[in-house]
Amino acid sequence: MRVLISNRSIVPVCLVVLLIVATLSLCLGRYPVSLKDLSAFIFQTGTFDENLKIILLNIRIPRILGAIALGGSLALAGASYQGMFRNPMVSPDILGVSSGAGFGAALGILLAMPAVGIQLFSFMGGMSAVLIAMAVSRLIGNKHEPILILVLSGIIISSFFGAMLSLIKYVADPDNKLPAITYWLMGSLSGIQLNDIKTVFPILTLGIVPLLLISWRVNVLSFGEDEARSLGINTGRLRMLIIVCSSLISASMISICGIVGWVGLIIPHLARMIAGPDYRVLLPVSFLTGGIFMLVVDTISRSLTPIEIPIGILTSVLGAPFFIYFLKKSSHKNW
């Protein structure tokens, strides 16, 4: 796989692109904002429409921050998992975090919880699913390959929570609660507010910072279990740290945005094509690229049609052909 940009400049370039896309996202939508009005609002120079303040502060800025956090978190978690599992087909929901979060949110909606309660139930459901999967893998994994057992445990727990989610949908009120559950599962940034970003920010920091700090260890772990141990890496402890941090950032964003698929699978592939396989560069590039991708998807979702398209639908529609292209352009040795 050919690296498109040198490692020294790739992170600043991605950051500049992210800022450009965020600026365009501020301007685009059913209420267009000119760059002149945007500049007047930001620097408080000249005059601008009073509605602009409401639109930017209450709607677009929270959505843009949420899109960056959502796309970046899922991409970072996906890249970390792909390095840990040494498998390019791995995504952040491999251990059941999405199924658990979906079950928790559906349970909260069924119990008529307020928005904060639904978010809390979703976060707890996602983290519970991952912790149960890890416990199951420890229970049965003494005589088996730990990575394989961890993946199988994740599949089992994901299937279980998926079944429980189906049960909740079956007993939910079809006129009110079932549509709310269905819409939540599609994923959307339409209802996100600055308070939501403030709530999950400490959790995101707690998950993102350690992953970036141990990126060089992910390089070693991606070489294989024996090689990592020979270099003095405690592979069990490192896997635990990666799983906990990735699950924290995934569950926290899913709890406020709903389930959004494909991002954690395809964006690390795109980042790897741009920056190469070095996780010291790949992880920050994955975060920035994920933020750019989600900004583009969210702008399309709220601008393409009069009725907003859930972002989970768009990521799936865009993700499948992208993934086919990436697989065609990639070679096994780059993983």
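Where the centroid of each part is defined by its Cα atoms, how far is segment 271-296 from segment 43-95 in Å? A separation of 13 Å, based on Cα centres.
At a probe radius of 1.4 angstrom, the accessible area of the chain per residue rounds to 48 square angstrom.
Highest mean first, how do 291-304, 99-112, 9-22 rank when packing is the count of other Cβ atoms within 10 Å averaged over residues?
Details: 291-304: 22.1, 99-112: 24.6, 9-22: 15.6.
Packing proxy ranking, top to bottom: 99-112, 291-304, 9-22.
Roughly how many whole Å is it from the C-alpha centroid of segment 112-164 to that of segment 209-242? One Cα centre to the other: 22 Å. When the alpha carbon gyration tensor of the chain is reduced to an equivalent ellipsoid, its three semi-axes come out at 33, 27, 16 angstrom, largest first.
A simple packing score, the average count of other Cβ atoms within 10 Å per residue, orders the peptides 262-270, 169-177, 276-284 as 262-270, 276-284, 169-177, with the highest score first. Label separation (VAL17 vs LYS53): 3.7 nm, computed from points 7 Å beyond Cα along the C-beta direction. Approximating the spin labels as points 7 Å out from Cα along Cα→Cβ, the ILE42-to-GLU145 distance works out to 5.0 nm.
Assuming a ≥ b ≥ c are the square roots of the Cα gyration tensor eigenvalues, decide whether segment 79-190 counts as rounded (a/c under 1.5), prolate (otherwise, with a/b larger than b/c) or oblate. Write down the numbers at each step before the final one.
Working: a/c = 2.60, a/b = 2.03, b/c = 1.28.
Taking the square roots of the gyration eigenvalues as a ≥ b ≥ c, segment 79-190 is prolate.
The values are calculated or read from the model by the stated rules, or taken from the named source; none is laboratory data. From a predicted model like this one, the values you see are computed outputs, not experimental measurements. Methodologically, a virtual Cβ is constructed for each residue, glycine included, from the backbone with ideal geometry; neighbour enumeration extends over all protein chains shown. Side chains are part of the model used for accessible areas, which takes the heavy atoms of the whole protein and leaves out ligands, DNA and RNA. Shrake-Rupley method; radii C 1.70, N 1.55, O 1.52, S 1.80 Å.
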